[in-house]
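What follows is calculated from the coordinates using simple rules that are stated; it is not laboratory data. The shown structure was predicted, so the numbers you read here are calculated from the model rather than taken from an experiment. In this analysis, Cβ positions are derived from the backbone assuming ideal geometry, glycine residues included, and neighbour counts consider all displayed protein chains.
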Amino acid sequence: MNKLLIALIAGAFALGSVAAMADDKTPAAPVDQAKLKAERDAAKAKAAAMTPEEKAAAKKAKREARQKELGTSSASQQEGGASPQAEAAAGKKAAAESKAQPKALPDKASKQKALSETEKKAGASQ
């Protein structure tokens, strides 16, 4: 008896949730089927009239556009983060910046000498 009661409650819950989900659907946007068919037929006719060279050129242009689109958005969509090319560019930039930094001087005397030379250069340019 208890199993039957549990089965009835579970069934009512399942049917109730299905009915609730069915009410949430919005009607699809109306589409003009005749217009879509006419566009499709026009595209087929245009493709049939193309020469093999034109077809190859169209394919190449489409492929280049797709590659450009994927190249600009791939860094933001990848799970691993930035692309290897972007990481390499960032590494190259960091290396150039670190080479531009002056080297650390080993002792106090060399630091004082470098400071006095810098002051002399600054005084001469003013």
Tell me, what ³J(HN,Hα) does each residue in segment 99-105 have, in order and in whole Hz, if you take phi through Karplus 6.51 cos²θ - 1.76 cosθ + 1.60 with θ = phi - 60° and put x for Gly and Pro? 6, 6, 6, x, 6, 6, 8
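Given R₀ = 25 Å, FRET efficiency for Asp41-Thr72 by Cβ-Cβ distance, to 0.05?
On the way: r = 34 Å, r/R0 = 1.35.
Calculated transfer efficiency: 0.15.
Between Arg63 and Gln85, how high is the FRET efficiency from 1/(1 + (r/R0)^6) when r is the Cβ-Cβ distance and R₀ = 22 Å? Nearest 0.05. Don't skip to the answer; put the middle values down first.
Numbers: r = 19 Å, r/R0 = 0.88.
The value I calculate is 0.70.
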